[in-house]
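One structure below.
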Amino acid sequence: MTVTDAPRIITSRFDVADGFTIDRYEATGGYTALRRVLSMRPDEVAAEVKAASLLGRGGAGFPAGVKWGFCPPGVWPRYLVVNGDESEPGTYKDRLLMEKDPHQLIEGVLIACYAIGCAQAFLYVRGEMALAQERIAQALNEAYARGYVGRGILGSDFSVDVVLHWGAGAYIVGEETALIESLEGNRGMPRLKPPFFPAAKGLYLQPTVVNNVETLANLPWIVGHGGAAFAALGAETSRGTRLFAVSGHVKRPGVYEVEFGVTTFRDLLYSPLYGGGIRGGRALKAFIPGGASAPWFFEEHVDLPLEAGAVGKAGSMLGSGAVVVMDETTDVVKAALRLVRFFARESCGKCTPCREGTGWLEKILQRIDSGLGRPSDLDLLLDICDNISPSITWPPKQTTICPLGPSAVSPIASAVLRFRDEFEARIGAPAPVTVAVHGVAYNSKPPVEEPVGA
Amino acid sequence: MARLTEANELVAREIIGRYPRPKSALIPLLHLAQEQDGWVTDDAMEHIAELVGVTAAEVLGTCSFYEMFKREPVGTYLVNICTNISCQLLGAEELLHHAEATLGVKAGGTTRDGLITLEDVECIAACTEAPCLQVNYRYRYKVAPEDFDRLVDDLRSGALVDEVPPHGTLHRTRQRIPTDRAAGAASPVGGREPAWIASRPAPAKDTP
Ligand SMILES: Cc1cc2nc3c(=O)[nH]c(=O)nc-3n(C[C@H](O)[C@H](O)[C@H](O)COP(=O)(O)O)c2cc1C
Ligand code: SF4
Ligand code: FES
């Protein structure tokens, strides 16, 4: 096991009952990083974040410092939009960061605005999160009253309003261009990239940085300890610490802050500090390493480190830090059906392959689950997948405006290729698969068991 | 029925003032209407359209995209059971069936007394606390069938009126930006380099 003694960077106030209040925040070092950046040049702050190698924690895993640099020079105003829409199935961390330590997030937002030169920030909280909205509203009111937000922050020439915005129920709004559409008061439908890369043409078609809640929550620590201290933790491209929600069939489901890049899936699933092993001592069947959109992993993947590059090479992603564990009793037909139903329900309807494809995938899986499946159904499923995302590769190819459509392919290709026998049992006949599937994780084979004593 | 009250119109104007463009306030204003009436009425949408300066059809267009906006009356309590993957693995579908049988309604339906509307929803970001649900967007974790029954009893007896406001009310603390502290909404047109950047320019890069 490689459980490390990395510090708790973003969860240090999680166990403190009043950690969400401004008094507790100030008493535990809060807003000192903001004071510090005011004595630095904005470009120095940005350089510090670049040195930290902070990968975005929203799903795509793009380096935050690099992304900030994409705003075209000399085009003003710039905006910051904070993505607090957390709704990828299995994902549970941003809500905790907003509820338990809202000031840490607000301080991170201010640091980002200062470094990038944003004239206004919008904190978009998912609609269903009433308590998170309440805590952030309260925290912003306190922070305004003490001069940390608004005009002339702490007596300096740094001025920015941070506005709480809240959504109304739509997974797709988590996608950054849909988030911007929604913030403009429209239906939350993604925009085509290019030309609508947020850094170039974002909110009101102005340069806009969209960052995830967890990404920004790291900034006070990075400023306080230096980018190098952050980058000293972790490995390869994956630095610092990161939150993982371990859910499903483990003994100790929970949200854990672990050292990024070096901790392994085995640690997360089996360490007594984290998942504590599979419930009832059962065998592991499969696990989702990074949210509903990620191709599934199996027994042969548990020793992989939580490192973006290694996981990508193995054919999946760490996505939004959502690890969902399925033990041997799991009905994979039902699991795949439930996940596909999610994508079918949440498709915004803008692109045909996604709108129609996810609907048909759901109907066919429903038919298989209810015992009315046909021998041609598995090929039909994969043929539809191939239409949504040609050659079923990883990372997925896209025939659609956003990655939601191709995401629906992941659970189907994972379940059908690995557990074809279970689908055939439900169908009651052999169901051949002739469609070529290229993703590495989809074609992964179970480890061959060494005969005992050999 | 039900344009925004005078008091709510004041709140609405304050919210609109925070955004560079009024239409950005649409979702918060639709929530305000839903808080006032328990659902979003046509009259409220017309009123919002007037306040924001768009057509009522545009307001409806936005409103109808989002799951949380109800365009017909629902129960005082909206009980949303998550059946997505992490919850499904730990018995959410069984919990939903139990709820349907207990309440005598299918997911999407409202009990005859108008108290409870039951919904089968997607992941609500409490996956490590499965199976879970929300009552008017307040969480209940690790819900066993008995817990569900107790919850229904408590909703019926009024034991939870303080903890759970009626449908439509989300957060009960509103953001207030004091006028003497406000930096102001940043218009997308005619923007200039912010003062704190202009006053601290990056040193010129050495040319190699
Ligand atoms: C369908 C879809 C849903 C997404 N949902 C979220 C979300 O709920 N929260 C989030 O931060 N990012 C989400 N993302 C990723 C965002 O588009 C974006 O990459 C991210 O917010 C950028 O922040 P980061 O660079 O700090 O990670 C989603 C992407 C897609 C395609
Ligand atoms: S892929 Fe699906 S969700 Fe994404 S824009 Fe197209 S239809 Fe909408
Ligand atoms: S899957 Fe039920 S809360 Fe996430």
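The values are calculated or read from the model by the stated rules, or taken from the named source; none is laboratory data. Please read all numbers here as calculations on a predicted model, not as lab measurements. Note that we place each Cβ from the backbone using ideal geometry, even for glycine, and neighbour counts take in every protein chain shown.
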> Given the conditions (1) within 14 Å of another protein chain (Cβ to nearest Cβ); (2) within 16 Å of ligand 2 (Cβ to nearest atom); (3) not hydrophobic (A, V, I, L, M, F, W, C), which single one is not true for A:Lys334?
Replying inline: (2)
> Are any residues in the stretch B:33-65 within 11 Å of chain A (Cβ to nearest Cβ) and surrounded by 20 or more Cβ atoms within 10 Å (Cβ to Cβ), and if so, which ones?
Replying inline: B:Gln34, B:Val40, B:Ile48, B:Val52, B:Val59, B:Thr62, B:Cys63, B:Phe65
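Within the stretch A:75-98, can one find any residue that is away from ligand 1 (no atom under 16 Å from the Cβ) and under 24 Å from A:Ala60 (Cβ atoms)?
At the first step, the residues of the stretch A:75-98 found to be away from ligand 1 (no atom under 16 Å from the Cβ) are A:75-77.
Subsequent filtering for residues that are under 24 Å from A:Ala60 (Cβ atoms) retains A:75.
For the stretch A:75-98, residues away from ligand 1 (no atom under 16 Å from the Cβ) and under 24 Å from A:Ala60 (Cβ atoms): present.
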>> Can you go through A:Ala145, A:Ala130, A:Ala170 and tell me which one is under 23 Å from the mean Cα position of the chain (by Cα) and free of Cβ contacts under 8 Å to residues at least 12 places away in the same chain?
In response: A:Ala130
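Looking only at helices (runs of 4 or more DSSP H) that fall completely inside the stretch A:202-288, which ones have 3 or more residues that are of a type outside the set (Val, Ile, Thr) and surrounded by fewer than 20 Cβ atoms within 10 Å (Cβ to Cβ)? Walk me through how you get there before you give the answer.
On the way: elements: A:213-217, A:219-225, A:227-231, A:265-270.
By residue number, A:227-231.
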>> Just to be sure I understand, how many residues within the stretch A:343-373 are buried (at least 17 other Cβ atoms within 10 Å of the Cβ) and polar (S, T, N, Q)?
In response: 2
>> Whether any residue in the stretch B:27-37 is part of a loop (DSSP other than H, G, I, E, B) and either among the hydroxyl-bearing types (Ser, Thr, Tyr) or modelled with pLDDT of 95 or more (or both) is what I want to check.
In response: no
> So how many residues does the stretch B:98-125 have that are over 17 Å from the mean Cα position of the chain (by Cα) and in contact (Cβ under 8 Å) with a residue 40 or more places away in the chain?
Replying inline: 7
> Do any residues in the stretch B:23-52 that are more than 12 Å from B:Cys63 (Cβ to Cβ) have Cβ atoms under 6 Å from those of residues that are of a type in the set (Ser, Thr, Tyr), where the two are at least six apart or on different chains, and which pairs are they?
Replying inline: B:Ala25/B:Tyr19; B:Glu35/B:Thr169
>> Being part of a loop (DSSP other than H, G, I, E, B) and either within 11 Å of ligand 3 (Cβ to nearest atom) or free of Cβ contacts under 8 Å to residues at least 60 places away in the same chain (or both): is that true of B:Gly75 here?
In response: no
> Between residues in the stretch A:386-411 that are within 18 Å of B:Ile85 (Cα to Cα) and within 16 Å of ligand 3 (Cβ to nearest atom) and residues that are of a type in the set (Lys, Arg) and assigned to a helix (DSSP H, G or I), which pairs lie under 9 Å by C-beta distance while being six or more apart or on different chains?
Replying inline: A:Pro411/A:Arg338
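Residue check: is A:Val340 surrounded by 24 or more Cβ atoms within 10 Å (Cβ to Cβ), within 16 Å of ligand 2 (Cβ to nearest atom) and touching a residue at least 40 places away in the same chain (Cβ under 8 Å)? Talk me through it step by step, then tell me what you get.
Working: surrounded by 24 or more Cβ atoms within 10 Å (Cβ to Cβ): yes; within 16 Å of ligand 2 (Cβ to nearest atom): yes; touching a residue at least 40 places away in the same chain (Cβ under 8 Å): yes.
Criteria met by A:Val340.
Any residue in the stretch A:427-438 that is closer than 21 Å to A:Ala310 by Cα and either touching a residue at least 40 places away in the same chain (Cβ under 8 Å) or within 16 Å of ligand 3 (Cβ to nearest atom) (or both)?
We begin by selecting, within the stretch A:427-438, every residue closer than 21 Å to A:Ala310 by Cα; these are A:437-438.
Pick out the ones that are also either touching a residue at least 40 places away in the same chain (Cβ under 8 Å) or within 16 Å of ligand 3 (Cβ to nearest atom) (or both) and you get A:437-438.
Looking for residues that are closer than 21 Å to A:Ala310 by Cα and either touching a residue at least 40 places away in the same chain (Cβ under 8 Å) or within 16 Å of ligand 3 (Cβ to nearest atom) (or both), one finds at least one in the stretch A:427-438, hence yes.
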> From the residues in the stretch A:397-420 that are among the hydrophobic types (A, V, I, L, M, F, W, C) and over 17 Å from A:Glu346 (Cα atoms), which one is nearest to ligand 1 (Cβ to nearest atom)?
Replying inline: A:Ala413
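Quick one: which strands (runs of 3 or more DSSP E) sit completely within the stretch B:96-208 and have at least 1 residues that are surrounded by 13 or more Cβ atoms within 10 Å (Cβ to Cβ) and either among the aliphatic types (A, V, I, L, M) or touching a Lys or Arg at 6+ places or on another chain (Cβ under 8 Å) (or both)? Walk me through how you get there before you give the answer.
Working: elements: B:116-121, B:133-135, B:138-140.
The qualifying strands (runs of 3 or more DSSP E) are B:116-121, B:133-135.
B:Thr128 - would you say it is within 11 Å of chain A (Cβ to nearest Cβ), of a type in the set (Ser, Thr, Tyr) and in contact with a strand residue (DSSP E or B) (Cβ under 8 Å, 6 or more places away or on another chain)?
Working: within 11 Å of chain A (Cβ to nearest Cβ): yes; of a type in the set (Ser, Thr, Tyr): yes; in contact with a strand residue (DSSP E or B) (Cβ under 8 Å, 6 or more places away or on another chain): yes.
The answer is yes for B:Thr128.
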>> Out of everything in the stretch B:78-95 that is touching an Asp or Glu at 6+ places or on another chain (Cβ under 9 Å) and part of a loop (DSSP other than H, G, I, E, B), what residue ends up being nearest to ligand 3 (Cβ to nearest atom)?
In response: B:Asn84
>> Among the numbered criteria (1) on the phi < 0 side of the Ramachandran plot; (2) surrounded by fewer than 16 Cβ atoms within 10 Å (Cβ to Cβ); (3) modelled with pLDDT of 95 or more, which one does A:Cys402 miss?
In response: (2)
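Answer yes or no: is there a residue in the stretch A:305-316 that is within 16 Å of ligand 3 (Cβ to nearest atom) and not basic (Lys, Arg).
Taking the stretch A:305-316 first, the residues within 16 Å of ligand 3 (Cβ to nearest atom) are none.
Scanning the stretch A:305-316, I find no residue that is within 16 Å of ligand 3 (Cβ to nearest atom) and not basic (Lys, Arg), so the answer is no.
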> Got a number for residues in the stretch A:374-390 being closer than 17 Å to A:Cys354 by Cβ and more than 16 Å from ligand 2 (Cβ to nearest atom)?
Replying inline: 3
